[in-house]
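**Student:** Structure incoming, see below.
The values are calculated or read from the model by the stated rules, or taken from the named source; none is laboratory data. Not measured: the values here are computed from a predicted model. Here Cβ is always computed from backbone atoms with ideal geometry, including for glycine, and neighbour counts include all displayed protein chains. Accessible surface areas use protein heavy atoms only, side chains included; no ligands, DNA or RNA. Shrake-Rupley method; radii C 1.70, N 1.55, O 1.52, S 1.80 Å.
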Amino acid sequence: MGLQELETLVNQTATAGEPFERGADEAEQKYLSSLAARPSTRTICEVGFNAGFSSWAFLSASPDTTVVSFDLAAYAYSSAAKAHIDEHFPARHTLIQGDSHTTVAAYAKEHADIRFDVIFVDGDHSVEGARADLEDLRALATPDTVVIMDDITPWLWFGEGPTQAWQEAIDSRKILHTQYFRDGEPVDEVSPPAARAWAEGRYAF
């Protein structure tokens, strides 16, 4: 019920002409929820809050999880989504507004003792931006942290940057790649067609 309310709220509050990316679809929400439901998962970090669907997937999966989101949050529907999530999951979600290329590093510096169990990267989709987010978030990870790079869809314009940044990190041995997912199913490599595709791995230290 709460997720349907969130979807309705987002549609109602989106300003005419405002760019809107729905975010995680049903298959990806199910995957994100499965990560949050693991006994080893307590703290989750994401770059890219947008309309709050990924945060909802994380928070609804387990009463023990907390989520910190980094996002520009410049749209009316983002504010509405944040309020809705706070109503349903009080004191479990933090939204840090601003450019992740500044705010992630600042957060890591101010919270030197904090490390996250899951990190979800779905922010700046340029190759430079995805590369920077992936590198900046390393300071908030441990060797056991599960790292997900969203939009591994190089045949689409918004997937080119994340795909290249992820492959570069593998090639430079900064990321230990474990699995690709296409529409929720594990695959050895991602190829079209796919509504959503992402990669999972861990940081190499």
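**Student:** I need a count of the residues in the stretch 172-189 that are open to solvent by 20 Å² or more (accessible area, probe 1.4 Å) and touching a Gly at 6+ places or on another chain (Cβ under 9 Å).
**Tutor:** The number of residues fulfilling the criteria is 4.
**Student:** Moving on. Out of all the residues in the stretch 135-155, which are touching a residue at least 40 places away in the same chain (Cβ under 8 Å), under 20 Å from GLU189 (Cα atoms) and hydrophobic (A, V, I, L, M, F, W, C)?
**Tutor:** If the condition is that a residue be touching a residue at least 40 places away in the same chain (Cβ under 8 Å), under 20 Å from GLU189 (Cα atoms) and hydrophobic (A, V, I, L, M, F, W, C), then VAL146, VAL147, ILE148, MET149, ILE152 are the ones that fit.
**Student:** Can you tell me how many residues in the stretch 36-49 are of a type outside the set (A, V, I, L, M, F, W, C), without any contact (Cβ under 8 Å) to a residue 60 or more places away in the chain and buried (at least 23 other Cβ atoms within 10 Å of the Cβ)?
**Tutor:** The number of residues fulfilling the criteria is 0.
**Student:** Can you tell me which residues in the stretch 78-89 are open to solvent by 70 Å² or more (accessible area, probe 1.4 Å) and among the hydroxyl-bearing types (Ser, Thr, Tyr)?
**Tutor:** SER79
**Student:** List the number of the failed condition for VAL147; all other conditions in (1) farther than 24 Å from ASP113 by Cβ; (2) among the aliphatic types (A, V, I, L, M); (3) open to solvent by less than 30 Å² (accessible area, probe 1.4 Å) hold.
**Tutor:** (1)
**Student:** Being in a strand (DSSP E or B) and under 15 Å from ARG92 (Cα atoms) is the filter here; which residues of the stretch 32-48 pass it?
**Tutor:** THR43, ILE44, CYS45, GLU46 - these are the residues of the stretch 32-48 that are in a strand (DSSP E or B) and under 15 Å from ARG92 (Cα atoms).
**Student:** Identify all residues within the stretch 56-74 that are buried (at least 16 other Cβ atoms within 10 Å of the Cβ) and under 22 Å from ALA132 (Cβ atoms); write none if there are none.
**Tutor:** Result: VAL67, VAL68, SER69, PHE70, ASP71, LEU72, ALA73.
**Student:** Using the structure shown, decide if ARG196 is in contact (Cβ under 8 Å) with a residue 24 or more places away in the chain and of a type in the set (D, E, K, R).
**Tutor:** yes
**Student:** Right, next: So which of ARG131, ARG92 is farther than 23 Å from LEU156 by Cα, surrounded by 15 or more Cβ atoms within 10 Å (Cβ to Cβ), modelled with pLDDT of 95 or more and among the charged types (D, E, K, R)?
**Tutor:** From the options ARG131, ARG92, the qualifying one is ARG92.
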